[in-house]
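Presented below is the structure to which this report refers.
What follows is calculated from the coordinates using simple rules that are stated; it is not laboratory data. What you see is a predicted model; the values in this text were computed from it and never measured. Note that each Cβ is placed from the backbone with ideal geometry, even for glycine, and that neighbours are counted across all protein chains shown.
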């Protein structure tokens, strides 16, 4: 198995560490039957890949065997983030029948955590994620790992996350504070509900330091509550906070 050296893409301060521990704990309390989980967002740059990576690393820290699947076949943040120069044999190769499962799984330097990267950009990503090979892959990985975490494309851009949700135990929605409106988030959550995908919760990301003073940080919640004052319509850029 090939190896991949990872560095955690988030600030290792106390609050962030505790927030990821809380996220991990809440996932564990979803029950033993919730083991294949998709992470999506409303739009780009909300931090879903960072959350996916952090969740996997924190699960591995307590002895869980976990694998992260980079299912953003159109625009992989993870491939660009790690500036991998070698040609990656990834999910697009496996799903198109050009590689076997063992060829696309990388062992990482985080003990207990493996990863499969997206691979080259295919002309038909939605069709690949909906084919039988993908369903078989998720089923087999569920048998081999304690948790399978999928970093999926933003649901406000493409329907890929809806397609993969059919094979998962639940989806979590990453929302960047003050980046999208509550109305827009509700619309995206409604897409998941209409597809009969189980919405495990909302993870609020990129909360300001000032907000953290009042107990906000990375947050994971059941149900559908916010309390962060989303008022801007989608596409509006909020004003910067005064120093």
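Here is how the numbers come out for the structure above:
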quantity: Full-extension gain in nm, residue 62 to residue 22, via 0.36 nm per residue minus C-alpha separation; calculated: 13.1 nm
quantity: Residue order, fewest to most surrounding Cβ atoms within 10 angstrom, among 5, 40, 16; calculated: 5, 16, 40
quantity: Mean-position separation - Cα centroids, segment 56-130 and segment 10-43, in angstrom; calculated: 19 Å
quantity: For 49, 76, order by how many other beta-carbon atoms lie within 10 Å, fewest first; calculated: 49, 76
quantity: Two-site label geometry, residue 196 and residue 74: point separation in nm, points 7 Å out along Cα→Cβ; calculated: 2.6 nm
quantity: Cα→Cβ-extended label distance, 7 Å offset, between residue 45 and residue 102, nm; calculated: 4.3 nm
quantity: Theoretical FRET efficiency, 1/(1+(r/R0)^6), r = Cβ-Cβ of residue 29 and residue 157, R0 30 Å, to 0.05; calculated: 0.45
quantity: Mean projected area in nm² (Cα convex hull; one quarter of hull surface) for segment 19-221; calculated: 11.1 nm²
quantity: 134, 20, 29 arranged by Cβ crowding within 10 Å, fewest neighbours leading; calculated: 29, 134, 20
